[in-house]
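S.K.: Dropping the structure in here first, questions after.
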Amino acid sequence: MDCIKKKKRRRPAADADGLETDKEYAERWLSIRIIYFTMFLMSLGFSIVITGVWPYMQKLDSDSSKEFMGYVVGANPFAQMLFSPLVGWWANRAGSIRQPLLATTALFTAASAAYSALEVLPVPARKHCMLISRFLVGVSSANIAACRSYLSAATRMKERTGAVSMVSLAQVLGFIVGPGLQAGVTVLGAQGVALGGGLRLDMFTAASWINVFLGVLNFVMFLPAIFKEKRIAAREAMLRQGAATEEATWKQKKPDYFSVWTLIIAFFVLVFNFVLLETLGTPLTMDQFAWTKEQALYYMGILMSVGAVIACATFAAIGPLCKKFEERRVLIWGGFFLMVLGRALYVPWGPDPPLIASENTTVTTSDGTESVGCPPSQEWCATTPSMTVFQMVLGFAVTAIGYPTGVTLIQTLYSKLLGPRPQGVWMGLMTGSGCLSRFMGPVFVSYVYTRMGTLWTFGITTSIMAVSMVWLLLFQGRLIVPEEEDDLRRRQANGKVPSDPSDPERPEEDPDEDVAEDVGEDPEATRLQEIKTDKG
């Protein structure tokens, strides 16, 4: 994940206002980095087992159905959507996020351990306990809204864009790296190694044991000796505006609620499409390419790992792109357009229908025999053209560029449009939007894909993405941050940029500015945040 070059810089002279000491500054940024890790872990907790859910469920109970798999995958985001407001209320009530985060990380660790211990239970109870364990992991990940709220309170205005971008990157990497880790443990095989007491370490349970280890580490990070809460945003706003109270600073200007809700819906659409692809990946390849369970896990893991590298390189390119083009334009053409193209590429163009599973398609694997191909119960398999491996890889590569671009810039614009006001409730709404999409994605797979096939699945999702893109194009003028527009007019008045509105040139940069390349790992790199805030 160390895909962004690091460059150490001296701390900028930002303490002239007396809001914090050097020690408080260091403690504040340590707490922000812990929030980055927590956001990464919560995304990882969802994605690391997602490619293995279906084959693991079949191992636990051979009578399991894909429809039930959809409920198991959807239980995590559904629980997160339900409990995010409660965890946020708890944090507000306590005046601290330490207690909620300690409790939720402890629950995350316990639920992940339970997922790996399902084989000790009677066969009829296994799949239902799997559903419960994934629901509890979702409850624990409800701390994301509290994390976002703290991030907005613990950063200065010029630091906010970089911090929000790093949170987006952490979540994107969590979603993409997870299946790669799952692929890495396929070497253990389906039988794996006995741990005693009925527990096993195999290619299905190892992924969740990784969650257990990281959950313990995250719990330790939130202990008082390490995590120090530092809320500076309100004090900075009061000092800047000369206000006597925090409420007076953010009541002066209301955000454009139409634009805010547009971004919430856009976020829902993007996450829905990506989670749909992640959920569908393993059963799709098994149906379309007649791969065994082990082959599907292995190749999908490789594909997801390559996607992680592409996403990392994409994030590194977002900053330079946004210096030349407005953030809203990069969002539309670099995010949504590529996502539309990625979904369209998944509409099958193979010459013949996929292989139908039967007694004649049984193959020998390292763990016995397995019937490969598209199940006869999916009647559309007999008449719908199959996908090709090439279009699968190409479509995912395009998605791996469009998704991180779109998600990062949606959240950056969202935070900017909200302004310096407390963002806990609004971040909860954004989190709830993502949770709803992650719940509906697996359910969509269960009903539309299983019953209607690939043409309907990818035809519908392509249309949804296209409509969302057209909506953003029509109302892109509403996505301009007022502070950036005011600053641009001021620069035009000073002659630094052309006053002709048809000339899209950006404001000139100061050649003496030393821009750090790491916008999140190095907190002193505030100059880059200033440039991003000023220029989009």
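The values are calculated or read from the model by the stated rules, or taken from the named source; none is laboratory data. All figures in this text were calculated on a predicted structure; none of them were measured in a lab. Glycine gets a Cβ as well: all are built from the backbone with ideal geometry, and neighbour counts include every protein chain shown. Quick note on the areas: whole protein, heavy atoms, side chains included, nothing else; ligands and nucleic acids left out. Shrake-Rupley method; radii C 1.70, N 1.55, O 1.52, S 1.80 Å.
S.K.: Given bins 5 angstrom wide, list per bin the percent of all Cα-Cα distances in the stretch 20-253, short to long.
M.R.: Computed distribution, short to long bins: 1, 7, 13, 17, 17, 14, 10, 8, 6, 4, 2, 2, 1, 0.
S.K.: How many nm separate the modelled label positions at Leu86 and Val187, each set 7 Å beyond the Cα in the direction of the Cβ?
M.R.: 4.2
S.K.: Starting from the amide H of Ser386, placed 1.01 Å from N in the peptide plane, find each other amide H under 5 Å away whose residue is 5 or more places distant or on another chain.
M.R.: Gly350, Asp352
S.K.: Need one number: the % of Cα-Cα pairs in the stretch 83-129 sitting beyond the 13 Å mark.
M.R.: So the pairs more than 13 Å apart make up 64 percent of the total in the stretch 83-129.
S.K.: Using the Karplus equation 6.51 cos²θ - 1.76 cosθ + 1.60 (θ = phi - 60°), what ³J(HN,Hα) coupling, rounded to whole Hz, does each residue of the stretch 215-227 give in order, writing x for Gly and Pro?
M.R.: Residue by residue, the stretch 215-227 yields x, 4, 4, 5, 4, 4, 4, 8, 5, x, 5, 10, 8 Hz.
S.K.: To continue, here is another question. Of all accessible surface on the stretch 20-253 at a 1.4 Å probe, what whole percent is carbon and sulfur?
M.R.: The value for the stretch 20-253 is 67 percent carbon and sulfur by accessible area.
S.K.: Also, quick follow-up: If you plug each phi of the stretch 53-69 into the Karplus form 6.51 cos²θ - 1.76 cosθ + 1.60 with θ = phi - 60°, what whole-Hz ³J(HN,Hα) values come out, in order, with x for Gly and Pro?
M.R.: The phi angles translate into 4, 5, x, 5, 5, 5, 5, 6, 8, 5, 8, 5, 10, 5, 5, 5, 4 Hz.
S.K.: Near the amide H of Ser371, under 5 Å away, which other amide H atoms are found, from residues 5 or more places off or on another chain, if H is placed in the peptide plane?
M.R.: Hits under the 5 Å cutoff: Val363.
S.K.: Using the Cα centre of the stretch 11-97 as the reference point, and only Cβ charges (+1 on K/R, -1 on D/E), how large is the resulting charge dipole? Debye, rounded to the nearest 20.
M.R.: Dipole magnitude for the stretch 11-97 comes out near 180 debye.
S.K.: Report, in listed order, any pair from Lys254/Lys323; Lys230/Lys324; Lys228/Lys416; Lys228/Lys323 with a Cα-Cα distance greater than 30 Å.
M.R.: Where the Cα-Cα span goes over 30 Å, the pairs concerned are Lys230/Lys324; Lys228/Lys323.
S.K.: Skipping prolines and chain starts, which residues have an amide H placed within reach, meaning under 5 Å, of the one on Leu355, given they are 5 or more residues away or on another chain?
M.R.: Residues meeting the amide H criterion: Cys374.
S.K.: Continuing with this model, one more query. Arranged from highest to lowest average of other beta-carbon atoms within 10 Å per residue, in what order do the peptides 137-144, 219-226 appear?
M.R.: Ranking, from highest mean packing down: 137-144, 219-226.
S.K.: Rank-order 369-380, 199-210, 353-364 by packing density, defined as the average count of other C-beta atoms within 10 Å over each peptide's residues, highest first.
M.R.: Top of the packing list down: 199-210, 369-380, 353-364.
S.K.: I need the peptides 97-106, 147-156 ranked by packing, meaning the mean over residues of other C-beta atoms within 10 angstrom, with the highest value on top.
M.R.: So the order, starting with the most tightly packed, is 147-156, 97-106.
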